[in-house]
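We did not get these values from a lab; they are worked out from the coordinates using the rules stated. Small disclaimer: the values here were computed from a predicted structure and weren't measured. For neighbour counting, all protein chains shown are included, and Cβ atoms are generated from backbone atoms with ideal geometry for every residue, glycine included.
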Amino acid sequence: MIGSIDVFRTALLAWYDAHARDLPWRGDNTPYHTWVSEIMLQQTQAATVIPYYLRFIERFPTVQTLADAPIDEVLKLWEGLGYYRRAHNLHQAARIIVAQHDGQLPRDEKALLALPGVGRYTAGAIRSIAFGAPAPVLDGNVKRILARLDDISASIDLRETEKALWARATALISHQRPGDFNQALMELGATVCLPATPACAACPVADFCAAQAQGVQMQRPVRTPKKRIPHYDVAAGVVWHADDPKRFLIAQRPAAGMLGGMWEFPGGKQEPGESLPQTLARELMEELGIQVTVGEKLTVVKHAFTHFRITLHAFHARHVSGEPQCLGVDDWRWVTLEEAAVFAMAKTDRAIIAKLRKSECECVSMSV
């Protein structure tokens, strides 16, 4: 970085005071609200988080109300926000806070880090924003800013570089306004110092940026090339009840796994040499112990997760034999379309629900 740290802090904070976005969690820096917002903002943009945050705080205004709630209700409110492990961690941590900290988030860094879902970044955000402690933060936005300020040519994915970035963030933190300073850095990264198109002309600290001075800001930060993201074909079944044609089967994913506790149309990944109908029949036998007749394909849904992508092929199927069992699932239900609305589902399964509703409407309109 070029220039005085004190002047840098002053320029950044002045810009933040004038240009900070009006975000709901910034109006109330209580430890609980700060914690909830920071967990929601992990790998998710602020604009997406706002409506979820408002609904969440309205339903769970305190740590106690969150701790008392069933996890199914928490997941339902989280539905569509993704990275559902965050919801599990919030719920579990709330119960720990009630049991071990009298319902109050701890100020101590070690105690915060012991909570599920709280890492060094989140602990720093809570301590600086809610408690006024001079604790640094280092998320993707801050890494990018520091890599440009110091013109770091090494990959920020390397452990040595990250260690150096934490040290730099610690040296820069304002002791007078640590929470505002950290939020200012994150705000700058979210609105000005963008990954592909940094708005250097609008940057309040452009004069301090070594990468900009060298004309290499577009090449910073340096990242280690990522491995090719794998793709899987997945078969899911809308399994209709043999004796009640309005009901279909949904299953609850194991709590400890990916999308834990969410409800879905049962199925799984296609194995080599299988057709998709064969995949579905095998998965339903392995997970629920039922036999089905696989019918027509209903829809295809593509979705990208953090480390892989899927193409989900949803088929109509008819239950033939076998009472559903919890072999590879935590629970199961026969439900109607209306009843399915109360269960927490991921976007892919909600897309199947939407297709079923559309098909139902089309059938009604054709019969009129």
Original post:
So how strong a dipole does region 108-194 carry about its Cα centre when Lys and Arg Cβ are +1 and Asp and Glu Cβ are -1, to the nearest 20 debye?
Top reply: 80
Original post:
How would you rank 217-228, 247-258, highest first, on the average number of other Cβ atoms within 10 Å across their residues?
Top reply: 247-258, 217-228
Original post:
By counting other Cβ atoms within 10 Å of each Cβ, how are Y232, Y83, Y53 ranked from fewest to most?
Top reply: Y232, Y83, Y53
Subject >> Rounded to 10°, Cα long-axis angle of helix 120-131 versus longest principal axis of the chain >> reply: 70
Original post:
Which Rg and Dmax, in Å, describe the Cα atoms of region 7-219?
Top reply: 17.7, 55
**OP:** Arrange L356, L112 by Cβ neighbour counts within 10 Å, fewest through most, would you?
**Re:** L356, L112
Original post:
For the chain, modelled as a GNM with alpha-carbon contacts under 10 angstrom, which of F60, F308, F208 fluctuates the most?
Top reply: F308
Original post:
Helix 140-149: angle to the longest alpha-carbon principal axis of the chain, degrees 0 to 90, nearest 10?
Top reply: 30
Original post:
Relative to the longest principal Cα axis of the chain, at what angle does helix 31-40 sit, 0 to 90 degrees, rounded to 10?
Top reply: 60
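Determine the gain in length on full extension of the stretch I96-K110; use 0.36 nm per residue of separation and subtract their C-alpha separation, reporting nm with one decimal.
Working: separation 14, 0.36 × 14 = 5.04 nm, distance 1.42 nm.
Stretched out fully, the I96 to K110 stretch lengthens by 3.6 nm.
Dipole of region 311-351, Cα-centred, from +1 at each Lys and Arg C-beta and -1 at each Asp and Glu C-beta, to the nearest 20 debye?
Values: 4 positive and 6 negative charges, 42 e Å.
Dipole about the Cα centre, nearest 20: 200 debye.
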Subject >> Correct choice for Cα extents along the principal axes in Å that was computed from the model, options (i) 119, 42, 34; (ii) 76, 48, 44; (iii) 51, 49, 47 >> reply: (ii)
**OP:** Mind scanning K226/K302; K143/K347; K163/K269; K76/K163; K226/K355; K227/K302 and naming the pairs with a C-alpha gap bigger than 32 Å?
**Re:** K163/K269; K76/K163; K226/K355
Subject >> Distribution of pairwise C-alpha distances over region 231-367, 10 Å bins, in % >> reply: 12, 46, 35, 7, 0
Subject >> Segment Q214-V300, length gained on full extension (0.36 nm per residue, minus Cα span) >> reply: 26.1 nm
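Estimate the FRET efficiency between L54 and D17 by the formula 1/(1 + (r/R0)^6), using the beta-carbon distance for r and 35 Å for R0, to the nearest 0.05. Can you show the working numbers first?
Numbers: r = 24 Å, r/R0 = 0.70.
Working from the Cβ atoms, E equals 0.90.
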**OP:** Measure off 7 Å from each Cα along the Cα-to-Cβ vector at T197 and A164, then give the distance between these two points in nanometres to one decimal.
**Re:** 3.1
Original post:
Based on Cβ point charges of +1 for Lys and Arg and -1 for Asp and Glu, what charge dipole magnitude is obtained for the chain about its Cα centre, in debye rounded to the nearest 20?
Top reply: 920
